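The values are calculated or read from the model by the stated rules, or taken from the named source; none is laboratory data. Small disclaimer: the values here were computed from a predicted structure and weren't measured. FYI the Cβ positions are ideal-geometry reconstructions off the backbone, even for glycines, and counts take in every protein chain you see. The accessibility values were calculated without ligands, DNA or RNA, using every heavy atom of the protein model including side chains. Shrake-Rupley method; radii C 1.70, N 1.55, O 1.52, S 1.80 Å.
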Amino acid sequence: AGAVPVPLYPPFRWTQIEEHLRRQARILANCGASLLITLADAKPVARLLQAQVPSLRHVADVADLASQGGSTMPLKQDADATALIQYTSGSTGQPKGVVLTHANLLANIRAMGEAAQASSRDVFVSWLPLYHDMGLIGAWLGCLYYGAPLMLMPPQRFLARPARWLWAIHRHRATLSAGPNFAYEILAAKVPDDELQGLDLSSWRIAFNGAEPVRPATVEKFAERFARYGFDARASAPVYGLAECGLGLTFPPLGRAPLIDLVDAQALAREGRARPVPKDAPAVTRLVSCGRPLRGHQVRVVDALGRELPERFEGRIEFRGPSATKGYFDNPEVNAKLIRAGWLDTGDVGYFAAGELFITGRVKDLIIRGGQHIHPYDLEESVGALPGIRKGCVAVFGATDRATSSERVVVVAEARAGLDELARIELRRKIAELAQAQLGVPADDIVLVGEHIVLKTSSGKIRRAACRELYERGLLGTVQRPVPLQLAHLALEALQARARAAGRVVTSLLFALYLWVLFVAAAFCGTLVLLLLRPRAGRRWAHAVARAFVAMSGIPMRVSGAERFPDAMPSIIVANHSSYCDFIVLSALAPAEAAFVAKREFATHWLAGPLLRRLGVHFVERAETLQAVEDAREFANAVASGESAIVFPEGTFTRAPGLRPFHMGAFVAAAQSGRPVVPVTLRGTRSVLRDGSWLPRRQPLEVYVHEPLWPKAGDWAAAVQLQSAARRVILEHCGEPEAPARE
């Protein structure tokens, strides 16, 4: 269809539907979406977004689209055209939409396929949702490209009964499948043996593990438990990637068991050095290799000054390559931080060892306490393993201490329902001991909350920044309003938004009506007097009427350089032309004695012709004919005899923005007469009254009067120099691009 798809994710929890819809509204507004395709049951809720997103004109389901009929035609797309905008699930603030071109996606799919030795002989089983990049690009588009069968499961079927994923691999003899670390953890620790009887996983040659930090313990437990069911430990493939690279960035070598690095925890925290230690060392951090960069891609680790670090030194991870996005959609401020000297900042920290990448954490999750770098992940996992704490529902983050401006270590954990106060006190004591042992510093605050309080992304990752924001505002753990009340609140806001929109429409219509009444009154009074005056006096009268009209219009106008209009010296004023308003603005601002130059079609108009002749307007033929030559000669003679003129060298205007090429007549006349050209830039008149519309709008106008340009000779070359100089200065200030040359 030629449209740009933007995948959205459904609400993670219905109890947070209001917050979810607000985030979706920010995404829809950021990308300027005009159509939202959803499920039939969700259409009433989706319509609440229309009032909050001005660009959103239609909400439809698949049946609605199918009922429209229509034909399909092959669409040719350029490789650099946008294929997809993938919004990061994010926590707070402005949404970040990763723009991926067709070339980006194909480069990433090819590089991943080469690393995985993918072919049409493979079979992929996936429960990953198609709004998630691993499910959308890795499973769906990857299989489409390589011609491999893809067996899809709804995510809910996996979450309700995780063993279904393994049985789908068994049934379809799948060779490829993928999931985040938590999925492997659930299967390794929670699925009972009686659900696995008869399972055969021997066909599974690559088990991709990505999208969140990969835990060494999870990898080992999964391989150990499922070895008896035919799973080969060498199939485990911890991978690393990010939406800004399409999907994948580093893959481990095929056929090798996961590589686990044991490093000194204290050296990593205090010095940023991944110093190897034996497994029985007193303070050990275990990290899994995510492999090597895909073909054609480069990855480096840099310090705070952007200098590349040697192996086993922790720093920010940057990359570049054919899959790299050119930036986030309509987000120049964040793009400036994303790309530096051709390298993209992943937002992750890690180190290289023997050419392989080890991820230690996210920059935004890093807690700096007393010069020590604290990563929250190990403590979250340890706290989640405590009896009475819901596993995977723990957030550790740094919160600002307003008194000391330092960071406080905060642990938020969801406690299981039914715990008495003594049990909760004991849990806090155990969490404090774990924090002291693993971080080397005590936790400043331990908060036990109820179920479904710790915020997560659509893919189940902990939203630490959002939890920190709620904690600092004192809102963490507050009771969510019932879903009907949340929807009612959104509906009320939608009604208010529609009322405001209707108010803006009524206000704009009333303003347009006022301007037209004012214009008709000015035209009527001006015409009656004009019929009694000679051309020079008529121009002064039109000048006075135009000034009064502009003053009474209520349209804000800022004029720069009005003193540059020559009072006594005859000149040729040239201006860009984008609206009928241009005549009124220049009539009000230019010297009263200056005569307009208009296209000859106006001379024969039954109403405009007689009035323009009374004003002494010069009519010129625009086509290359003998009449055009004669008109240009008369115009040049009038300028030479001491008359100032106002010319729109573009000749006409269109609805689309853009500075059109200039005709040469005004500049030839200036060169031949020796008179200066005064360039004038009009900015904003197109927004006040665009071609094809008769409803003027109240938009600010800017007028720039530039320095006069004097001809250096009387020949054609001098005229061309004047034309080029005038067009250059007007293009610089008009705020519009160059329009294509005339055919």
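Let's see how each residue does on (1) open to solvent by 50 Å² or more (accessible area, probe 1.4 Å); (2) farther than 18 Å from residue 590 by Cα; (3) in contact with a Gly (Cβ under 7 Å, 6 or more places away or on another chain):
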position: 704; (1), (2), (3): no, no, yes
position: 720; (1), (2), (3): yes, yes, no
position: 728; (1), (2), (3): yes, yes, no
position: 736; (1), (2), (3): no, yes, yes
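Can we say residue 529 is of a type outside the set (S, T, N, Q), out of contact with any Asp or Glu (no Cβ under 6 Å at 6 or more places or on another chain) and part of a helix (DSSP H, G or I)? Criteria met by residue 529.
Conditions tested, residue by residue: (1) open to solvent by 10 Å² or more (accessible area, probe 1.4 Å); (2) touching a residue at least 40 places away in the same chain (Cβ under 8 Å); (3) acidic (Asp, Glu).
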| site | (1), (2), (3) |
| --- | --- |
| 200 | yes, no, yes |
| 204 | no, no, no |
| 214 | yes, yes, no |
| 217 | yes, yes, no |
| 222 | no, no, no |
| 227 | yes, no, no |
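Quick grid of which residues meet (1) surrounded by fewer than 20 Cβ atoms within 10 Å (Cβ to Cβ); (2) assigned to a loop (DSSP other than H, G, I, E, B); (3) on the phi > 0 side of the Ramachandran plot; (4) in contact (Cβ under 8 Å) with a residue 12 or more places away in the chain:
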| position | (1), (2), (3), (4) |
| --- | --- |
| 566 | yes, yes, no, yes |
| 577 | no, yes, no, yes |
| 585 | no, no, no, yes |
| 591 | yes, yes, no, yes |
| 601 | yes, no, no, no |
| 610 | yes, no, no, no |
| 646 | no, no, no, yes |
| 649 | no, yes, no, yes |
| 657 | yes, yes, no, yes |
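Residues that are surrounded by fewer than 19 Cβ atoms within 10 Å (Cβ to Cβ), in a helix (DSSP H, G or I), on the phi < 0 side of the Ramachandran plot and touching a His at 6+ places or on another chain (Cβ under 6 Å) are absent from region 669-687 altogether.
On inspection, residue 519 fails the criterion of being open to solvent by less than 60 Å² (accessible area, probe 1.4 Å), at pLDDT 90 or above, of a type outside the set (A, V, I, L, M) and in a helix (DSSP H, G or I).
Does at least one position in region 143-151 carry a residue that is closer than 28 Å to residue 360 by Cβ and surrounded by 19 or more Cβ atoms within 10 Å (Cβ to Cβ)? So far as region 143-151 goes, no, none of its residues is closer than 28 Å to residue 360 by Cβ and surrounded by 19 or more Cβ atoms within 10 Å (Cβ to Cβ).
Given the criteria closer than 19 Å to residue 612 by Cα, open to solvent by less than 50 Å² (accessible area, probe 1.4 Å) and not in a helix (DSSP H, G or I), does residue 573 qualify?
Answer is yes for this residue.
The residues listed here are 433, 469, 451; of these, the one that is in contact with a strand residue (DSSP E or B) (Cβ under 8 Å, 6 or more places away or on another chain) and at pLDDT 75 or above is 451.
The set of residues in region 312-339 being touching a strand residue (DSSP E or B) at 6+ places or on another chain (Cβ under 7 Å) and in a loop (DSSP other than H, G, I, E, B) consists of 312, 314, 321, 324, 325, 326, 327, 329.
Among the conditions (1) of a type outside the set (D, E, K, R); (2) over 18 Å from residue 4 (Cβ atoms); (3) in contact with a strand residue (DSSP E or B) (Cβ under 8 Å, 6 or more places away or on another chain); (4) at pLDDT 85 or above, residue 107 misses just one, which is (3).
Residues in region 292-308 that are touching a helix residue (DSSP H, G or I) at 6+ places or on another chain (Cβ under 8 Å) and buried (at least 16 other Cβ atoms within 10 Å of the Cβ) were compared, and the one that is farthest from residue 113 (Cα to Cα) is 297.
What number of residues in region 240-267 are in a loop (DSSP other than H, G, I, E, B) and under 37 Å from the mean Cα position of the chain (by Cα)? Show your work before the answer.
To start, the set of residues in region 240-267 that are in a loop (DSSP other than H, G, I, E, B) comprises 242, 246-247, 252-259.
With under 37 Å from the mean Cα position of the chain (by Cα) added as a condition, the list becomes 242, 246-247, 252-254, 258-259.
So the count comes out to 8.
The residue pairs whose first member lies in region 43-54 and is closer than 10 Å to residue 490 by Cα, whose second member is assigned to a loop (DSSP other than H, G, I, E, B), and whose beta carbons are closer than 7 Å, counting only pairs six or more residues apart or on different chains, are 49/56.
Output yes when any residue across region 317-331 is at pLDDT 90 or above, open to solvent by 10 Å² or more (accessible area, probe 1.4 Å), of a type in the set (D, E, K, R) and under 27 Å from residue 269 (Cα atoms), and no when none is. Checking region 317-331: not a single residue is at pLDDT 90 or above, open to solvent by 10 Å² or more (accessible area, probe 1.4 Å), of a type in the set (D, E, K, R) and under 27 Å from residue 269 (Cα atoms).
Residues that are without any contact (Cβ under 8 Å) to a residue 40 or more places away in the chain, part of a helix (DSSP H, G or I), open to solvent by less than 20 Å² (accessible area, probe 1.4 Å) and on the phi < 0 side of the Ramachandran plot do not occur anywhere in region 62-82.
Name the residues in region 690-704 that are at pLDDT below 95 and more than 30 Å from the chain's Cα centre (by Cα), would you? The answer is 691, 692, 693, 694, 695, 696. Tallying residues that are without any contact (Cβ under 8 Å) to a residue 40 or more places away in the chain and part of a helix (DSSP H, G or I) within region 139-165 yields 16. Residues in region 124-138: is at least one at pLDDT 95 or above, in contact with a Cys (Cβ under 9 Å, 6 or more places away or on another chain) and open to solvent by 20 Å² or more (accessible area, probe 1.4 Å)? No; the residues of region 124-138 include none that is at pLDDT 95 or above, in contact with a Cys (Cβ under 9 Å, 6 or more places away or on another chain) and open to solvent by 20 Å² or more (accessible area, probe 1.4 Å).
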